[in-house]
Each structure stands twice: as C-alpha cells, then as structure tokens.
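Asks: Below is one structure. I have some questions about it.
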Amino acid sequence: MGLEPWLLRLRGFRRMSRREASRVMPLLEVGAADLGLVSLPLVLMADGDDLRVRVCARHVVIGRSLLGDEIEDGPAGDAVLDAVLCHGLQHWAVGDGVGDLLVRCCGLPLVLLYNAGYRLTQQGNGLIALVGWVVLWPAWLLVRLIIRPIVAVASRDQEFATDAAVAATGRGEALHGALSLLGELEPGQSGWDRVIAGTHPPLELRLEALEPPA
C-alpha cells in the first residue's frame with residue numbers, strides 16, 4: 001500500500017489537470033456525501049480510450065475518455081459519469097481495493113506467472129504463444145479452477161451490494177444506463193485483472209436488480 005502511488009505512476013497513470021479536477025472533484029464530493037463518507041481517495045487519471053474506473057487500496061484511477069468531448073450524447077454524459085464515480089467510491093469505501101490487493105499479494109507468484117504467460121499468449125506468434133502456454137498452464141489451473149471460484153463467492157455479493165448502495169443515493173437509473181453503455185465498470189487489462197473481473201455477476205442480472213419490480 002505504501003508503494004501504491006509509485007507503482008500506479010510507473011504504469012503511466014498521472015495526476016488530474018485543473019480542468020479535469022474541476023469536472024471530477026465536485027461529483028466525487030457530492031457522491032461521497034450521499035454515501036455518507038467522510039474522506040475521499042486519492043485520484044489519478046488513465047489516458048487513452050479507457051472508459052473505466054480502477055479502484056485501488058488508496059486511489060481511484062479514472063479513465064480520461066469518461067471525460068470526453070461528447071458530454072451530452074456519449075458515455076461521458078453527466079449522469080453516467082456521476083454514477084460510475086459513485087460506484088467506484090462505494091467499492092473504495094468498503095475496502096474492495098484492499099481485499100483485491102490482499103488476494104494479489106498472497107498469490108503473488110501465481111499472479112506474476114499468470115500475467116507473464118497471458119502476455120506471451122497474446123503476442124500473435126504461434127511459437128511465442130506455445131511458450132506462453134507452457135509457462136502458463138500450472139498457474140492457469142490454480143487461478144481458474146481454485147482461486148477464481150473462491151473469489152467469486154464474495155465478489156458477486158459485493159457487486160450487487162455496491163450497485164444497491166449507488167441506487168439508494170438516487171442514481172439507480174443512471175447506473176443502469178452506465179452498465180448498459182459500458183458493461184463492466186472495473187477494467188480487466190492484465191490476465192489476472194480479467195480473471196477478477198470475470199468473477200462479477202452476469203451483467204443482465206445486475207441490470208435486472210436495478211430495475212423496478214415487475
């Protein structure tokens with residue numbers, strides 16, 4: 001946790017500009033008040049076409065594309081951005097970022113091996129992919145068949161609880177729209193991250209839970 005600021009910056013995440021802060025911070029402050037929080041996480045930005053919010057132990061990392069030019073018409077609309085930020089705040093507030101860090105640290109050799117094999121298999125070269133699979137398969141068995149099912153037991157309940165907490169602030173319709181537009185709100189860029197993101201409930205069931213009873 002102490003190294004987190006340095007590690008996130010090493011991955012290319014940066015501080016907010018004044019213009020970005022003027023758009024993001026008021027929404028975060030209102031969202032925190034609605035959720036009953038007394039403090040805010042540190043905030044960094046991810047450049048590129050990232051439309052997600054990463055929740056870490058001490059930080060949230062906001063995809064710059066969420067603040068795109070199509071403010072009114074695209075997925076960067078005010079209501080959608082507000083709902084996505086509130087969703088990330090709730091995950092941070094209940095310690096889901098710390099929990100993910102704990103799982104990652106306890107299984108660090110597996111995480112490193114799995115990510116290395118995953119990167120090799122994504123290179124597009126058959127020989128390199130074969131080498132990647134030779135490296136990956138022991139970690140694949142442990143991660144996919146043991147760690148993922150265990151994590152999924154808690155992860156699905158956490159995701160439904162987070163959606164419900166956001167809906168309780170009056171953002172249920174906006175969150176429904178955000179999920180419909182963006183799908184999963186937490187990114188899965190590395191092999192390990194994709195495994196964790198895959199433990200979330202099916203998107204259709206999350207949307208159903210946000211809809212009024214029939």
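Asks: Using mean Cβ contacts within 10 Å as the protection proxy, how do 88-98, 26-36 order, highest first?
Replies: 88-98, 26-36
Asks: Is there a quick way to get the dipole size of the chain? I mean about its Cα centre, with the Cβ of Lys and Arg at +1 and of Asp and Glu at -1; what is the value in debye to the nearest 20?
Replies: 1120 debye
Asks: Ok, one more. Only one of the listed values, [x] 33, 16, 14; [y] 30, 20, 17; [z] 39, 32, 14, was derived from the coordinates as semi-axes √(5λ) of the Cα gyration tensor in Å; which label is it?
Replies: [y]
Asks: Moving on to the next point. Place +1 on the Cβ of every Lys and Arg and -1 on the Cβ of every Asp and Glu in segment 12-55, take the dipole about the Cα centre, and give the residue among Ser22, Leu35, Val55 whose Cα lies farthest towards its positive end.
Replies: Ser22
Asks: Let me ask you something else. Rounded to the nearest 5, what % of DSSP beta bridges with both residues in the chain are antiparallel?
Replies: 45 percent
Asks: What number, rounded to the nearest 500 deg cm²/dmol, is the helix-based mean residue ellipticity at 222 nm of the chain, given -39500 (n - 2.57) per DSSP H run of at least four residues and division by all its residues?
Replies: -19000 deg cm²/dmol
Asks: Still on this model: With springs only between Cα atoms under 10 Å apart, run a GNM on the chain and tell me which of Leu145, Leu66, Leu42 wobbles the most.
Replies: Leu145
Asks: Just tell me the longest site-free run in the chain, where the sites are trypsin sites (Lys or Arg not before Pro) in a DSSP loop having at most 14 other beta-carbon atoms within 10 Å. Numbers along the way, then the final one.
Replies: Details: sites that count: Arg11, Arg15.
By the stated rule (loop sites, at most 14 other Cβ atoms within 10 Å), 16-214.
No lab work stands behind these numbers, since they all come straight from the coordinates. Since this is a predicted model, take the numbers as computed values, not measurements. Quick reminder, even Gly has a Cβ in these numbers, built from the backbone with ideal geometry, and neighbours come from all protein chains shown.
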